[in-house]
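So the structure is just underneath, and the comments pick up after that.
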Amino acid sequence: MVIEVLVLRALAAQRAGHTAEALEALVGAVALAEPEGYLHVFADEGEPLAHLVAALAKRSGATRYLRRLQAAAGAATSVPPTADGLVDPLSERELEVLRLLATELSGPDIARHLVVSLNTVRTHTKNIYAKLGPPPAARQCGVRGSSGCWTHPDDHQMW
């Protein structure tokens, strides 16, 4: 799940015009995904991520894995982004929650770090999913239960 959060963080930063932050998040996702050979997490995000992977390859050298990621993301069929980017971009607080979700902090730990209630963290998380969509694996399977897949926060109690 950390890889998916980092990919979403990279896309959110890219849409907000923060290319350096987007590339930093993508570097983290690639570092975690490459040893396992994960492609689907990147491919599910389509063309917007393919452009970001291309920028990373140009900056740090086109490794074999980055070329595979770029091809997989570019070949994926996705809904093209609108000219304006997100209809409702992430707020600064939502970006902060998204960054913390990429860490190993639990929901209560995130709440303590931000000095807010756990309910507030849950609300921010729901808003993030509403704006960016669920993690790529959730789009394929829909429910986290015996199969290990993630559900949307509205579907069950988080944390």
query = So for the pair residue 27, residue 117, with labels modelled 7 Å out along Cα→Cβ, what separation do we get in nm?
reply = 3.9 nm
note = Across all Cα atoms of the range 2-75, Rg and the largest Cα-Cα distance (Dmax), in Å, are 10.5, 30
request  = Describe numerically, in nm with one decimal, the distance between label points set 7 Å from Cα along Cα→Cβ at residue 104 and at residue 91.
outcome  = 3.1 nm
query = Which parts of the range 1-36 would a label at residue 58 reach, counting a residue when its backbone N lies under 14 Å from a point 7 Å out along Cα-to-Cβ?
reply = 19-20, 23
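Laboratory data are not the source of any read-out in this text; all were calculated from the coordinates shown. Everything numeric in this text was worked out from a predicted model, so none of it was measured. Positions of Cβ are generated from backbone atoms using ideal geometry, with glycine treated the same way; all protein chains shown enter the neighbour counts.
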